[in-house]
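S.K.: Below: one structure in structure tokens.
The values are calculated or read from the model by the stated rules, or taken from the named source; none is laboratory data. Owing to the predicted nature of the structure, the values given are computational and were not obtained by experimental measurement. Here the Cβ positions follow ideal geometry from the backbone for every residue, glycine too, while neighbour counts run over all protein chains shown.
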Amino acid sequence: MIKVGLIGAGMIARKGHLPALKRMSGVEVVAVVDVNEKVAERVAREFSISKYYTDLDEMLKGEDVDALIVCTPTPTHYDIVMKCVNEGRSVLVEKPLCIKYEEALDIAKAAEEQGVQVCVVYNYRYFPAVVRAYRRVIKGYLGRVLTLNGTIFSHFPVAWTRATWLYHEGGVLYDFLPHMVDMIVWFSGGKPCKVVSFGGDYLPSGGFTNHAQIMVEFDNGVLSSISTSWLMGTQIFNLNVHGTAGHIFLDVRYNFMKEIHGTPTPLDDAISFAQYMVNVVKGVLSGYLFVGALAHYPIILRKFMLSLRRKGRYPVTAREELDRVFILDAALTSIKSGGRMISREEYERH
Amino acid sequence: MKGIISEIVVVRQHSYILEKISHALRKIMNFLGVIDEMKIFDSIIIKLNLCDARTPDTGTITHPVILEALLKILREVFPEKRIMAAEGDSGSVLADLYIKWFGFEEILRKYDAEWVNLLKVKRIKKRIDGYYFKEIEVPAVFEGAYFITLPKLKTNIVTGITASLKNQYGCLCVLKKNVYHDVVDEVIVDINLAIKPHLCIVDGIVGMGGVQGPAFGIPIPAGVLIGGKDPVAVDALCARIIGFNPRSIKHIKLAAKAGLGSLKYRVVGDPMPRVNF
């Protein structure tokens with residue numbers, strides 16, 4: 001039996017992790033921690049968890065847990081994950097692992113020294129259309145992938161949280177963008193080595209990044225650009241994968257993939273429109289479209305538990321997360337410096 | 001108020017240029033003779049419309065230039081009077097942040113006006129003969145204050161339109177205002193019975209149309225400012241501009257029935273805009 005403790009009892013814990021954990025065999029959630037006692041108590045009662053705490057140290061002292069799941073705000077991740085790792089516990093943490101590259105490096109080193117797993121949740125990569133697209137890419141159906149163009153727009157997160165921690169300096173870069181960054185790193189098959197970014201605060205007086213354009217060069221020659229914003233009138237999560245032999249368009253939110261080779265004919269467009277509609281109808285009827293990426297928590301948790309039993313490999317570990325955190329951190333640094341190119345070497349030198 | 005014909009001032013204005021808007025607002029206020037009426041009040045409170053985290057160009061929220069033009073006029077006439085701009089927190093409204101993000105804070109500072117988060121101030125209970133409430137909690141700052149409501153001209157997926165009457169929904173002293181969505185039209189009337197605006201200025205320079213209003217609809221450059229002292233008549237005209245029969249909008253009909261104003265109006269000023277919402 002794997003004993004798990006959950007840190008941060010907010011929305012993602014209640015709607016993503018805990019329902020999936022409760023359905024898993026061989027896993028027991030022994031305690032929940034939240035700084036808000038009422039929330040901790042309510043969630044413990046709702047999911048029949050025997051103990052709740054408001055202090056992480058007390059929980060680590062009082063409970064013999066094998067792993068911890070961290071669902072707290074991103075700026076708190078570094079301290080919490082380091083504490084758990086130094087106590088010899090494995091950790092599954094919501095994306096992104098942390099804010100700064102050097103923090104990610106610290107965590108990766110500490111995890112390796114302690115011999116524990118630190119894994120990061122990227123639930124959008126499990127949409128069937130994304131998995132299918134990735135398989136097509138690695139099998140070579142697009143030839144050599146040269147360009148990845150992503151667009152990820154969401155409204156301000158006020159619709160789902162009244163918490164204000166997201167409006168720190170990095171702002172939109174640390175909200176949904178990490179999912180897109182994960183996809184471009186994954187699809188590129190390379191290591192990001194240069195980042196240039198423009199954008200920043202497009203409000204009269206926001207004080208945080210709310211709109212940005214990021215360009216990334218990978219060591220294998222793949223080029224990528226991502227547009228991200230909290231200011232747009234529509235919600236979009238699209239990725240275009242361009243290769244020498246074809247192109248894949250991914251609409252992640254609608255779990256839709258379109259593959260194009262050569263010049264599309266009107267018949268291709270008609271077929272793809274029909275496929276899109278079938279996909280939407282299937283998504284609505286199955287309820288999948290409404291649940292969205294929350295539907296993937298059982299897969300994520302299963303992979304994490306298997307990796308703890310040394311029976312499988314979790315896809316994004318702390319070491320791999322360095323690539324993603326580098327892009328996020330470098331994007332913010334580049335924006336702050338007026339669009340200076342940031343190289344991986346520069347980060348690694350420091 | 002059966003039989004009464006309320007006067008509504010329509011001014012065509014196509015851009016958010018401070019001087020032009022000041023001129024338009026002066027025209028509205030002079031015609032309605034409201035400046036004299038304000039003199040006997042201790043304070044003036046302006047209810048903004050900050051219903052979501054959307055920039056003013058989307059037509060979702062009160063445009064800061066409208067507030068600035070209004071404050072400019074008020075400060076010239078009343079250099080010493082307490083003037084407040086207000087909005088209340090709700091599910092999707094972090095009012096204290098929006099005031100800063102969208103540039104209102106600086107304007108308020110410039111004209112020495114106060115910011116009031118309606119959910120964070122003292123409340124009083126008012127007895128009303130409402131459709132849903134017989135007693136309702138309202139922010140105490142409205143007591144003894146001249147009340148200007150400053151909404152946008154928008155479609156609303158729940159209530160049909162959002163204009164003068166609906167803007168007071170944001171004055172409800174609860175955070176989760178959607179708890180009343182089943183009786184929203186009745187509650188809109190009730191809150192207006194408790195705190196009825198003295199002056200309504202609807203900003204339709206860029207309004208909002210489509211079925212995703214009041215937050216995610218289509219910006220409609222209707223190019224109009226609408227002013228009046230009767231919120232029912234003002235909203236009846238707004239409904240007409242958007243393309244509804246005012247009697248088909250439940251809260252307008254209920255408000256007229258409750259005596260909050262008249263469905264009959266006479267338009268003075270510029271001709272009504274003809275736009276597709």
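S.K.: Filter the range B:75-110 down to the residues that are in contact with a Ser or Thr (Cβ under 8 Å, 6 or more places away or on another chain) and more than 11 Å from every other protein chain (Cβ to nearest Cβ), then identify the one that is farthest from A:Ala163 (Cα to Cα).
M.R.: B:Lys81
S.K.: Kindly establish whether A:Lys83 is surrounded by fewer than 20 Cβ atoms within 10 Å (Cβ to Cβ) and among the basic types (Lys, Arg).
M.R.: Judged against the criteria, A:Lys83 is a match.
S.K.: Could you please let me know if B:Ala140 is crowded, with 22+ Cβ neighbours inside 10 Å, more than 14 Å from chain A (Cβ to nearest Cβ) and either closer than 19 Å to B:Ile61 by Cβ or not hydroxyl-bearing (Ser, Thr, Tyr) (or both)?
M.R.: no
S.K.: Could I ask something else about it? Working only within the range A:178-229, note down all residues that are in contact (Cβ under 8 Å) with a residue 60 or more places away in the chain, small (Gly, Ala, Ser) and in contact with a helix residue (DSSP H, G or I) (Cβ under 8 Å, 6 or more places away or on another chain).
M.R.: Passing the criteria: A:Ser197, A:Gly199, A:Gly200, A:Ala212, A:Ser224, A:Ser229.
S.K.: Still on this structure, I have one more. When you scan the range B:119-126, do you find a residue that is within 14 Å of chain A (Cβ to nearest Cβ), within 22 Å of B:Ser164 (Cβ to Cβ), crowded, with 18+ Cβ neighbours inside 10 Å and modelled with pLDDT under 95, even just one?
M.R.: no
S.K.: Could you grab me the full set of residues in the range B:253-277 that are under 18 Å from B:Leu150 (Cα atoms) and either under 14 Å from the mean Cα position of the chain (by Cα) or of a type in the set (D, E, K, R) (or both)?
M.R.: None; the set is empty.
S.K.: OK, next. Of the residues B:Ser22, B:Ser15, B:Ser90, B:Ser43, which is crowded, with 20+ Cβ neighbours inside 10 Å and of a type in the set (Ser, Thr, Tyr)?
M.R.: B:Ser90
S.K.: Mind checking which residues of the range A:212-261 are small (Gly, Ala, Ser), assigned to a strand (DSSP E or B) and within 14 Å of chain B (Cβ to nearest Cβ)?
M.R.: A:Ser229 - this is the single residue of the range A:212-261 that is small (Gly, Ala, Ser), assigned to a strand (DSSP E or B) and within 14 Å of chain B (Cβ to nearest Cβ).
S.K.: Within the set of pairs 6 or more residues apart or between chains, which connect a residue that is assigned to a helix (DSSP H, G or I) inside the range A:102-125 to a residue that is surrounded by fewer than 17 Cβ atoms within 10 Å (Cβ to Cβ) with Cβ atoms less than 6 Å apart?
M.R.: Final answer for the pair search is A:Ala108/A:Arg319; A:Gln114/A:Gly88.
S.K.: Could you grab me the full set of residues in the range B:51-74 that are away from every other protein chain (no Cβ under 11 Å), of a type in the set (A, V, I, L, M, F, W, C) and closer than 15 Å to B:Pro214 by Cβ?
M.R.: B:Ile61
S.K.: Now a separate question. Could you list all residues from the range A:159-174 that are surrounded by 21 or more Cβ atoms within 10 Å (Cβ to Cβ) and either in contact with a strand residue (DSSP E or B) (Cβ under 7 Å, 6 or more places away or on another chain) or within 14 Å of another protein chain (Cβ to nearest Cβ) (or both)?
M.R.: A:Tyr167, A:Gly171, A:Val172, A:Leu173
S.K.: Do you know which of the residues in the range B:143-169 that are under 19 Å from B:Val232 (Cβ atoms) and of a type in the set (Gly, Ala, Ser) is surrounded by the fewest Cβ atoms within 10 Å (Cβ to Cβ)?
M.R.: The selected residue is B:Gly160.
S.K.: Would you say B:Ile8 is in contact with a Lys or Arg (Cβ under 8 Å, 6 or more places away or on another chain) and part of a helix (DSSP H, G or I)?
M.R.: Spelling it out, it is not the case that B:Ile8 is in contact with a Lys or Arg (Cβ under 8 Å, 6 or more places away or on another chain) and part of a helix (DSSP H, G or I).
S.K.: Restricting to the range A:61-75, count the residues that are assigned to a helix (DSSP H, G or I) and either in contact (Cβ under 8 Å) with a residue 24 or more places away in the chain or within 17 Å of A:Ile300 (Cβ to Cβ) (or both).
M.R.: 3
S.K.: Condition (residue is in contact (Cβ under 8 Å) with a residue 40 or more places away in the chain and over 17 Å from the mean Cα position of the chain (by Cα)) applied to the range B:229-241: is it met by at least one residue?
M.R.: No, the range B:229-241 has no match at all.
S.K.: Something else: So, A:Asp269, is that one over 30 Å from A:Glu169 (Cα atoms) and either under 23 Å from the mean Cα position of the chain (by Cα) or surrounded by 11 or more Cβ atoms within 10 Å (Cβ to Cβ) (or both) or not?
M.R.: Yes, satisfied.
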